[in-house]
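*Asks:* Mind having a look at this structure? Questions to follow.
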């Protein structure tokens, strides 16, 4: 059977690994339990989790055992950012609810039954009653403060002030890996590249304390061509929960990704075979739109099911004249421009009275915010240089501010 490392490399997942030759031999010789950590401070996963989830799916399909670890222990004491205005104190009940939500969403990608069935665990089970003195003696002795302070995750926080809580996080995550190794035979942690230092700490702890092999592997983050994280919309994060991000919004996000990112997204976010992806993406002109439609359908089908994906694809094609491409207008407008004037300039209203009538009827949105006031201005809804004007169910125009 093909080594899963080859699959992950071919599709562009892998950013960094440790002891790669040994890891390759291990993954090619036995079923390896591995884990991914998830922060339960929201009641839904979002697109930032998607690449590790897809990697879990590829790993399970290759015969390895996924463990989804919910960070309930950390969440019980709040967000360790040091910003009191963002601290989120969570109850066990809330975390348990979020854990169940995550499991339902993960079921679309990985199996929780049968051979090499996935597990979902909560680190609150071993962190909540941890004896601090015992923890320091068992784990703290293996960590050098000087070495910890060279980690990227800490260097980035040093200028603003690094809290003791944040400083402990590396030890806590390393301890998670140790517990999972002892209790479930977990030998590999995978995740986003921003967790590299913490993941290395866990693998190193197991190697030093248990004299056993342990590995870490990180994946590229999903970014736009200018280096920003993909998955940000006018409403915030792109959620996997249909109540937070509608399937239509979800579909349209991927239908409108940059041309240069389509092939990468197809490789990372779908199970479409590589030769088919190459065929879809070989044209760099308007024919790339067929690849975009395939991408949007496949990702939406994975998250929301084929039936829902088929429905929203039909809605999108109906809204945009069958092609699925959103019309774009460059207009000389600013924050003080009235929505009624914008509608006339965009030719979605024949007159101010026509525009007011549609607004009063609830048929106008800027991005996903309904316009309720006939005297509303663009600045009431957005300060961006790019937004979407919606009129009813059929007229959707991307506005570029000149």
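The values are calculated or read from the model by the stated rules, or taken from the named source; none is laboratory data. Predicted, not measured: the structure shown is a model, and the values here were computed from it. Cβ placement follows ideal geometry from the backbone for every residue including glycine, while neighbour counts extend to all protein chains displayed.
*Asks:* For segment 344-376, give me each residue that is loosely packed, with under 14 Cβ neighbours inside 10 Å and either touching a strand residue (DSSP E or B) at 6+ places or on another chain (Cβ under 6 Å) or part of a loop (DSSP other than H, G, I, E, B) (or both).
*Replies:* Once the filter is applied, which keeps residues that are loosely packed, with under 14 Cβ neighbours inside 10 Å and either touching a strand residue (DSSP E or B) at 6+ places or on another chain (Cβ under 6 Å) or part of a loop (DSSP other than H, G, I, E, B) (or both), segment 344-376 yields 347, 350, 351, 361, 362, 372, 373, 375.
*Asks:* In segment 217-244, which residue that is surrounded by 17 or more Cβ atoms within 10 Å (Cβ to Cβ) and more than 13 Å from the chain's Cα centre (by Cα) is nearest to residue 387 (Cα to Cα)?
*Replies:* Filtering segment 217-244 for residues that are surrounded by 17 or more Cβ atoms within 10 Å (Cβ to Cβ) and more than 13 Å from the chain's Cα centre (by Cα), the one nearest to residue 387 (Cα to Cα) comes out as 244.
*Asks:* Moving to a separate point now. Looking at (1) assigned to a helix (DSSP H, G or I); (2) without any contact (Cβ under 8 Å) to a residue 24 or more places away in the chain, which one does residue 254 not meet, given that it meets all the others?
*Replies:* Only one criterion is unmet by residue 254, namely (2).
*Asks:* Does residue 120 meet the test of being buried (at least 19 other Cβ atoms within 10 Å of the Cβ), at pLDDT below 95 and closer than 26 Å to residue 304 by Cα?
*Replies:* no
*Asks:* Can you pull out the residues in segment 377-402 that are under 14 Å from residue 343 (Cα atoms), without any contact (Cβ under 8 Å) to a residue 40 or more places away in the chain and in contact with a strand residue (DSSP E or B) (Cβ under 7 Å, 6 or more places away or on another chain)?
*Replies:* Matches in segment 377-402: 390 only.
*Asks:* Continuing with the same structure: Quick check, is residue 214 buried (at least 19 other Cβ atoms within 10 Å of the Cβ), in the same structural domain as residue 28 (by TED's automatic domain parsing), touching a strand residue (DSSP E or B) at 6+ places or on another chain (Cβ under 6 Å) and under 16 Å from residue 19 (Cα atoms)?
*Replies:* Judged against the criteria, residue 214 is not a match.
Here's the yes/no breakdown for (1) part of a loop (DSSP other than H, G, I, E, B); (2) under 17 Å from the mean Cα position of the chain (by Cα):
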{"site": "250", "(1), (2)": "no, yes"}
{"site": "262", "(1), (2)": "no, yes"}
{"site": "265", "(1), (2)": "no, yes"}
{"site": "278", "(1), (2)": "no, no"}
{"site": "286", "(1), (2)": "yes, no"}
{"site": "289", "(1), (2)": "no, no"}
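*Asks:* Out of the residues in segment 179-203 that are surrounded by fewer than 21 Cβ atoms within 10 Å (Cβ to Cβ) and at pLDDT 95 or above, which is nearest to residue 20 (Cα to Cα)?
*Replies:* Among residues in segment 179-203 that are surrounded by fewer than 21 Cβ atoms within 10 Å (Cβ to Cβ) and at pLDDT 95 or above, the one nearest to residue 20 (Cα to Cα) is 185.
*Asks:* What number of residues within segment 1-27 are assigned to a helix (DSSP H, G or I) and in contact with a helix residue (DSSP H, G or I) (Cβ under 8 Å, 6 or more places away or on another chain)?
*Replies:* Qualifying residue count, segment 1-27: 9.
*Asks:* So residue 284 clears everything in (1) surrounded by fewer than 23 Cβ atoms within 10 Å (Cβ to Cβ); (2) over 30 Å from residue 137 (Cα atoms); (3) modelled with pLDDT of 95 or more except one condition, right? Which one?
*Replies:* Only one criterion in (1) surrounded by fewer than 23 Cβ atoms within 10 Å (Cβ to Cβ); (2) over 30 Å from residue 137 (Cα atoms); (3) modelled with pLDDT of 95 or more is unmet by residue 284, namely (3).
*Asks:* Sticking with this structure for a sec: Which of the helices (runs of 4 or more DSSP H) found entirely inside segment 126-170 contain at least 3 residues meeting this: surrounded by 10 or more Cβ atoms within 10 Å (Cβ to Cβ)?
*Replies:* Details: elements: 132-138, 145-148, 152-158.
Hits in segment 126-170: 132-138, 152-158.
*Asks:* Additional query: If residue 336 satisfies every condition in (1) surrounded by fewer than 15 Cβ atoms within 10 Å (Cβ to Cβ); (2) part of a helix (DSSP H, G or I); (3) at pLDDT 90 or above; (4) in the same structural domain as residue 388 (by TED's automatic domain parsing) but one, which is the exception?
*Replies:* Failing condition for residue 336: (2).
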